[in-house]
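Following: one structure in structure tokens, then a few remarks.
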Amino acid sequence: MPRKKKPVIEYRHYSLPIDFPVLLLSGERWKISDIRSEHLHFHNHLEIGICYSDSGIMEIKGEAVPFTAGDVTFIPRYLPHTTYSSPDTASLWSYLFFSPEELFQHSFKSAYSSFEPNLWAVTGKNCILNKDQYPKVYTLATSVVEELKQQKPYYQENAYGLLLSLYIELLRIHSTNEMLAEQEAEHSLRGDFVISPALEHITKNYMTPITIDSLAGLCHLSTTHFRRKFHEIMGVAPLDFLSRTRIEEACKQLKSTDHSILSISGQVGFHSISSFNRCFSRLMGESPKQWRKGAQAEAQSAKASILEFTGWV
């Protein structure tokens, strides 16, 4: 009997706006077809989706969970999933992407050590929340989308408050069953996405020295197996992903602060300005000084574009 083919898992990277780090994807472009993708995918930020029409299936951690119009989906970063509509339909969606730790770090009390649900304990059925069962979640999510669309005076302040309330509501829902689900969920996720602890560690500790051996240890894999598995899923080597994470953080600082390039290179984890310059030029196509000049000019224009990294996978 032939072995069951493992799903391909794609990494989709979204860069957030500098001034208000919440990305909204909305409009007619965001219709989901009825064709089931052979690839699961995951994101570098938390995703909140709102289904406005039709129905379909979302596959999450091996579960096929139905959705319908009025549902709100809550997908933590690094959680593989895919979505497809019912036959002969194309469901319409809006999506919000943001980093809770970055956005809410000053709003949460210091006692909160984690800003996101335990990835091992998340179950597919709890990622899709029905409007009738969770009317508050639906109202808050749609209100955030409308604020970001209309951009009335003080829209960022209002969107922030609504998004904070929404996120707390979502955390409460997930924490209710977390203890019961953790053991089963850990077993089901490790097989498909064993490198998640390494991604979490890089995201939170990119500015510190990180070795391949330490990342492999977090995933309970040998170094050789970890290298192979990481490249299979991410399309790049572990240290290349680390470098790109550091460069993305450097870009944020180059665009939004007056810190010196030397200072920024150290803050994001480079031990010398020369290695930072080489890595930055290789990934971004120009020197940090040239990139900063162009980015700051762009930020002053009437319509600043969102920084995008391409060719990651």
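Just checking, does the stretch 5-15 include any residue being in a loop (DSSP other than H, G, I, E, B) and open to solvent by less than 10 Å² (accessible area, probe 1.4 Å)? Among the residues of the stretch 5-15, at least one is in a loop (DSSP other than H, G, I, E, B) and open to solvent by less than 10 Å² (accessible area, probe 1.4 Å), which makes the answer yes. Of all residues in the stretch 73-102, those satisfying the criterion of being of a type outside the set (D, E, K, R) and assigned to a loop (DSSP other than H, G, I, E, B) are P76, Y78, L79, P80, S86, P87, T89, A90, S99.
Every test in (1) at pLDDT below 95; (2) of a type outside the set (D, E, K, R); (3) farther than 14 Å from Y167 by Cβ; (4) assigned to a strand (DSSP E or B) is passed by S113 save one, and that test is (4).
Restricting attention to the stretch 244-280 and to residues that are in contact (Cβ under 8 Å) with a residue 24 or more places away in the chain and assigned to a loop (DSSP other than H, G, I, E, B), the residue that is most open to solvent (accessible area, probe 1.4 Å) turns out to be F270. Restricting G56, G49, G27 to residues that are farther than 23 Å from E169 by Cα and surrounded by 15 or more Cβ atoms within 10 Å (Cβ to Cβ) narrows the list to G56. Would you confirm whether or not the stretch 169-186 contains a residue that is open to solvent by less than 50 Å² (accessible area, probe 1.4 Å) and at pLDDT 90 or above? Checked the stretch 169-186: at least one residue is open to solvent by less than 50 Å² (accessible area, probe 1.4 Å) and at pLDDT 90 or above. Remark: pairs (first residue in the stretch 30-47, under 14 Å from L96 (Cα atoms) and touching a residue at least 60 places away in the same chain (Cβ under 8 Å); second residue acidic (D, E) and part of a loop (DSSP other than H, G, I, E, B); Cβ separation under 8 Å; 6+ apart in sequence or on different chains) = L46/E116. Scanning the stretch 59-86 for residues that are buried (at least 22 other Cβ atoms within 10 Å of the Cβ), over 17 Å from E28 (Cα atoms) and over 16 Å from the mean Cα position of the chain (by Cα) returns F67, D71, V72.
The values are calculated or read from the model by the stated rules, or taken from the named source; none is laboratory data. Not measured: the values here are computed from a predicted model. Quick reminder, even Gly has a Cβ in these numbers, built from the backbone with ideal geometry, and neighbours come from all protein chains shown. With ligands, DNA and RNA removed, areas are computed over all heavy atoms of the protein, side chains included. Shrake-Rupley method; radii C 1.70, N 1.55, O 1.52, S 1.80 Å.
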